[in-house]
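All remarks here apply to the structure that follows.
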Amino acid sequence: MLNHLSTALTLFTRRLPASSPRTFSGVLRRLCRMEAAVVRCLPGEPKLTISFCLQGSHKHMLRDQDEPLGKVLARISNGIAKNQSKAKKSKKNRGQEQPDEAAEPTVVKLFYDGEEVPETVLNTEAWQDGSVLQVGDVKYSVQRNAPTFTTAELPASLLAGFPVCPKLEVEFGNVQDCEFTWFKENCPHTRSEAPGEASDQDSGWTQVGCERVYIPSNQDISFRLKLSCTPKDGSRSGLAKELVSVGAVEAGPGVCLFDNRHAFTAKVTDWPTLRVVSYNILADIYAQTDLSKTVLYPYCAPYALQLDYRQNLIKKELAGYNSDIICLQEVDKGVYVDSLTPALDAFGLNGVFKVKEKQHEGLATFYRRSKFRLLSSHDIMLSEALSSDPMHAELLEKVSANGALKNKILQRSTSLQVTFLEDLNKPGRKVCVANTHLYWHPKGGNVRLVQMGVALKHLSHVISKVAPGTPLVFCGDFNSTPNAGVFQLLSEAAVPPQHADWSSSGLEESCSMELLSDIPPLLSACGLPAYTNYVRGFQGCLDYIFVQPDCMQVEQVIPLPSLEEVTTYEALPSVAHPSDHIALVCDLRWNP
């Protein structure tokens, strides 16, 4: 672009009298103030778009790439003529009739390197980056395939002390390259404006930040925020976009249950240590039911069950752990796309998502992109794999001995998310991250045993196929206490036929068998906490991070909140904690 500007300046100087420095300065100022005309033109697409502002109106034209330039220029000129005609008719209707004058057609031309582009040139060749569109006396700098925000949104709820992470998607650019400037409204917000529209009173804002993420302070309470963001690709920039928050910043809840834990995770770990989180974040589709509000969590303030409120807490909690791998359960699809992905991307993590069939929630695994790269995913629905994959034929045959149990298992949409990551610090070293959320029913121990049997068989198979010897990190909400068969299967690699869980749902669904694991005994990295789930009717350990002790050693387990902290508001969730579960967090070290 600078080259084109230099060329244009040279051409202008040739046309100026030698003794006119003021005239030259004026030309320079006009070029620098030149507005942009943004052209999107991609090979293989039949159309291109041309966007620019004219007389306060935004023009967006969709034209054929193989159309002659002259047709576009004529269309712009004719459009201006029509608008002028409408304006004259309007004046005539208001009694302000003026003598008819034949309006001269507006000159519309396109220049490149100071030369007028012939009208016979096709659009795809005519609209080059750095060319100049002239519409009457107005000139536009053409930006072809410039970095452009295709999505730019601020979250609806803003709390003091909690990170504000805009949702951004850029075409022809990189979010990491973009420039950000945050502003705070000078006066408390009292009037309503259309959501997302910037105020015309730019003097009413004060700059408060210049990072991608802004954390409002208590001084920001009752004030709206504005974000000015410029899409970029390296040094190349596109049109800036302004976003204004729908509402003002509100007061936060004060001290949260996770705040003290963040003291142990203030920094990202150094290689060869990696920090792992497993967390059931409580799906909104479950938090907003009448059962949840009146039976499961009646002690929780209704506003604290609202999604916008809980998302603020979840994003701050996850960001504060500075984790390398995060496995989440009960993730609403919309929450993953609109909230978690933008927020965690801003903190350096990429993610993958596995939606639970027949549901609107699922599993999400995030990984720090400065430490890992995604190799492959091998997700399955456990019931589907059991019924259709030949490797599970023996287990299916045993389960089929009890038709009622078989039907119950095959009706479940429980999934297993399997993600292979490669260590960027030591190429060739890989880790297999597994994530699941097993059947929930208290009497469903037999179902969970079969589900875990399928999961372990699948993991053993994909590890041997994709990367033999790769260490396994298995996270999830297993809905199983330490005395359950699932825990025994994982920690001892075998469950005997006499285990009580085989008849957990009654004799009519009993199915006793010996269940063996192809994966050697695993270690619960966080030990056996007294509780990872704490509600009024139940307190116990249901969540785990399992590792292979011969491949990784546990370096640090982040302490869970004390009983006194958890019961400050009786139970979970609460105004100080967004879920009925507590996140497990530990630091693991690769064995030499």
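The values are calculated or read from the model by the stated rules, or taken from the named source; none is laboratory data. Here the structure is a predicted model, which is why all the values come from computation and not from measurement. A quick note on method: Cβ atoms are made from the backbone with ideal geometry, for glycine too, and the neighbour counts reach across all protein chains shown. These accessible areas exclude ligands, DNA and RNA; they are computed on the full protein's heavy atoms, side chains included. Shrake-Rupley method; radii C 1.70, N 1.55, O 1.52, S 1.80 Å.
Restricted to the stretch 389-410, and to residues there that are assigned to a loop (DSSP other than H, G, I, E, B) and touching a helix residue (DSSP H, G or I) at 6+ places or on another chain (Cβ under 7 Å), the residue that is least open to solvent (accessible area, probe 1.4 Å) is N402.
Scanning the stretch 562-573 for residues that are open to solvent by 10 Å² or more (accessible area, probe 1.4 Å) and either touching a helix residue (DSSP H, G or I) at 6+ places or on another chain (Cβ under 7 Å) or hydrophobic (A, V, I, L, M, F, W, C) (or both) yields a total of 1. From L54, L31, grab the single residue that is modelled with pLDDT under 60, closer than 23 Å to G238 by Cα and out of contact with any Gly (no Cβ under 8 Å at 6 or more places or on another chain). From the options L54, L31, the qualifying one is L31. Of all the numbered requirements in (1) of a type in the set (D, E); (2) surrounded by 17 or more Cβ atoms within 10 Å (Cβ to Cβ); (3) on the phi > 0 side of the Ramachandran plot, D580 misses one, and that requirement is (3). For H441, are the conditions met, namely being modelled with pLDDT of 95 or more and open to solvent by 40 Å² or more (accessible area, probe 1.4 Å)? Criteria met by H441. When residues in the stretch 46-56 are screened for being closer than 13 Å to E35 by Cβ and of a type in the set (S, T, N, Q), 2 of them pass. You will find that of Y303, Y336, the residue that is part of a helix (DSSP H, G or I), surrounded by fewer than 18 Cβ atoms within 10 Å (Cβ to Cβ) and of a type in the set (S, T, Y) is Y303 and no other. Could you list, in sequence order, all residues of the stretch 74-110 that are modelled with pLDDT under 65, among the hydrophobic types (A, V, I, L, M, F, W, C) and surrounded by 11 or more Cβ atoms within 10 Å (Cβ to Cβ)? Of everything in the stretch 74-110, just one residue is modelled with pLDDT under 65, among the hydrophobic types (A, V, I, L, M, F, W, C) and surrounded by 11 or more Cβ atoms within 10 Å (Cβ to Cβ), namely A103. Of the residues making up the stretch 540-557, those that are in contact (Cβ under 8 Å) with a residue 40 or more places away in the chain, under 19 Å from H262 (Cβ atoms) and surrounded by fewer than 21 Cβ atoms within 10 Å (Cβ to Cβ) number 2. I'd like the full set of residues that are open to solvent by less than 40 Å² (accessible area, probe 1.4 Å) and among the hydroxyl-bearing types (S, T, Y), limited to the stretch 30-73. Hits for the stretch 30-73 are T49, S51.
Does K358 satisfy being closer than 23 Å to D477 by Cα and surrounded by fewer than 19 Cβ atoms within 10 Å (Cβ to Cβ)? So K358 fits the description; yes. The residues of the stretch 163-189 that are more than 17 Å from the chain's Cα centre (by Cα), hydrophobic (A, V, I, L, M, F, W, C) and part of a loop (DSSP other than H, G, I, E, B), listed by number, are F172, C187. Being in a loop (DSSP other than H, G, I, E, B), under 22 Å from Q488 (Cβ atoms) and charged (D, E, K, R), is that true of even one residue in the stretch 528-544? The answer is no; no qualifying residue exists.
For the stretch 454-485, the set of residues classified as buried (at least 24 other Cβ atoms within 10 Å of the Cβ) and either modelled with pLDDT under 95 or in a helix (DSSP H, G or I) (or both) consists of V454, A455, listed by residue number.
When the residues of the stretch 425-438 are narrowed to those that are in contact with a strand residue (DSSP E or B) (Cβ under 6 Å, 6 or more places away or on another chain) and either assigned to a loop (DSSP other than H, G, I, E, B) or among the aliphatic types (A, V, I, L, M) (or both), which ends up most open to solvent (accessible area, probe 1.4 Å)? Top of the filtered list is R429. Within the stretch 128-154, if we keep just the residues that are in a loop (DSSP other than H, G, I, E, B) and of a type in the set (D, E), the residue that is surrounded by the most Cβ atoms within 10 Å (Cβ to Cβ) turns out to be D129.
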